[in-house]
Amino acid sequence: MKKLNLRKIRWILREMSKQEQSVYRIARTQRVSPRWVRMLVERFKDTPLHEVRLKASGRKPVPIPREEVEVVRKEKECYGLGAVNLQTILAEKNVRISHNRIHRILKELKLAKTEPKKAKRRKWVRWERRHSNSLWHTDYFEYKGKQYILYEDDASRFITGYGEFWTATTDHAIEVFDAAVKKWGKPKQVLSDHGTQFCSDDNKTFRFQEHLKSKGVELIKARVKHPQTNGKLEKLNHTMQLLLKRFNNLDKAVEFYNNVRPHMSLYNGHTRTPHRAFKDKKRKKNADHQKKHEK
C-alpha cells in the first residue's frame with residue numbers, strides 16, 4: 001500500500017470497473033502485482049469511489065496508563081523542561097519512558113506542541129569552552145518595564161552574576177560584574193554585544209572595557225546584527241523570563257536555574273545543574289586553591 005496513494009487507488013478501481021483494460025495492464029501501469037489489484041477491488045467492492053479512504057499506516061497507538069501521565073505531569077510542573085530532558089530525569093529515578101512518548105503525553109496535557117523546525121537536524125555544532133571562568137557572556141534584557149543583566153559562564157551555563165534595575169547602564173554592568181568576580185572568581189574573557197552599556201558612551205570613553213582591562217579581563221564584542229554569537233545568553237534570557245513569570249522574584253529564579261533545574265547541554269552520563277557543572281569544569285589548580293581557601 002505504500003507504493004499507492006489515494007489517487008492511484010481510485011484510478012485502479014475506476015479502470016477495473018470500466019473493464020476496458022486487463023488486470024495485468026492496470027497492474028503494470030501502477031507497478032504493482034495483479035494480485036494486489038484484485039485485493040484492492042475486493043476490499044473496496046461495497047464502497048463508492050468518492051468514499052474510498054486510506055487508513056493511517058502502522059500499529060494503533062497503545063493507550064497511556066494514568067500513572068505515566070501523572071509522573072510526567074509532576075516532573076514537568078517541577079522542572080518545566082521538555083521531553084528529552086524529562087526522559088533523562090525519569091531514567092535516573094528508574095522510570096523508563098521514551099522522549100517521544102513523553103512528548104505525546106505533554107501534547108495531550110496541552111503542555112507542549114508540535115514544532116517542525118525542532119524536528120530537523122541542525123547543521124551547526126554547539127561550541128563551548130572547556131573550563132569554567134574561561135568566558136562569560138553578558139547582556140541586558142527587559143521584562144515588565146525593568147532591565148535585567150546576567151553574566152553566564154560559557155562552559156557550565158552557570159549564572160555568575162545578575163541584577164535587576166530600572167535602567168540599563170554601564171555602572172550597573174560594572175557593579176554586577178565586580179560582585180560576581182568577588183564571589184566566583186575572575187573570567188579570562190567577557191563576551192557582549194555592541195550595546196551602549198558595553199561600548200563607548202557620549203564622551204567616547206569605553207568605561208566598561210577599561211574597567212575589565214584594569215582587572216586583567218579581555219572584552220570580546222559579538223558581530224554586529226549577529227545574535228547567534230551570543231546565542232547561549234539569548235536563550236538564557238528567554239528562559240529567565242519564563243522563570244520570572246513563574247517565581248516573580250529574580251533571586252528565586254536564578255536559584256532554581258543554577259541549583260535545581262538540570263541543563264540538557266550539561267548531560268555527561270547523568271544530569272547536572274549549572275552549579276554542579278561549574279564546579280566540575282574548574283581548572284584543577286583553581287579548584288585546589290579554592291579548597292585551601294575554604295579550609
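Every number in this text was worked out from the coordinates using simple rules, so none of it is lab data. Here the structure is a predicted model, which means the values were calculated and not measured. Because the Cβ atoms are built from the backbone with ideal geometry, glycine has one as well, and the counts that use them run over all protein chains shown.
Odds and ends about this structure:
- Cα-only Debye scattering, segment 68-114: base-10 log of I(q)/I(0) at q = 0.14, 0.15, 0.17 Å⁻¹: -0.24, -0.28, -0.36
- Degrees between helix 250-259 axis and first principal axis of the chain (Cα, 0 to 90, nearest 10): 70 degrees
- Nearest 10 degrees, 0 to 90: helix 83-92 Cα axis against the chain principal axis: 80 degrees
- Which of 231, 64, 36, positive extreme of dipole for the chain (C-beta unit charges): 36
- Enclosed volume per residue, in Å³, of the convex hull spanned by Cα atoms of segment 116-222: 133 Å³
- Potential lengthening between residue 241 and residue 229 on full extension [0.36 nm per residue; Cα-Cα distance subtracted]: 2.3 nm
- The coefficient of translational diffusion for segment 1-138, derived via Stokes-Einstein from the alpha carbon Kirkwood radius under 4 °C and 1.567 mPa s, stands at 64 µm²/s.
- For segment 135-294, a/c is not less than 1.5, where a ≥ b ≥ c are the root eigenvalues of the C-alpha gyration tensor, and a/b does not top b/c. That puts it in the oblate class.
- Built amide H within the under 5 Å cut-off of residue 190, gap 5+: 136, 218, 219, 220
- Of all DSSP beta bridges in the chain, antiparallel share, percent nearest 5: 65 percent
- Alpha-carbon Debye profile of segment 1-50, log10 I(q)/I(0) at 0.23 Å⁻¹: -0.80
- Footprinting exposure proxy ranking of 199, 78, fewest other C-beta atoms within 10 angstrom first, gives 78, 199.
- Note: relative contact order over the chain, using C-alpha pairs below 8 Å and six or more positions apart, is 13 percent.
- Neighbour counting of Cβ atoms within 10 Å sorts the residues 254, 69, 224, 190, fewest neighbours leading, into 224, 69, 254, 190.
- Partner lysines whose Cα lies under 28 Å from the Cα of residue 8, excluding those fewer than 8 positions away in the same chain, are identified as 18, 45, 55, 60.
- Answer label for Cα extents along the principal axes in Å (calculated), chosen among [x] 62, 45, 32; [y] 51, 40, 36; [z] 91, 47, 39: [z]
- Local electrostatic count, residue 166, Cβ distance below 15 Å [Lys/Arg +1, Asp/Glu -1]: -2
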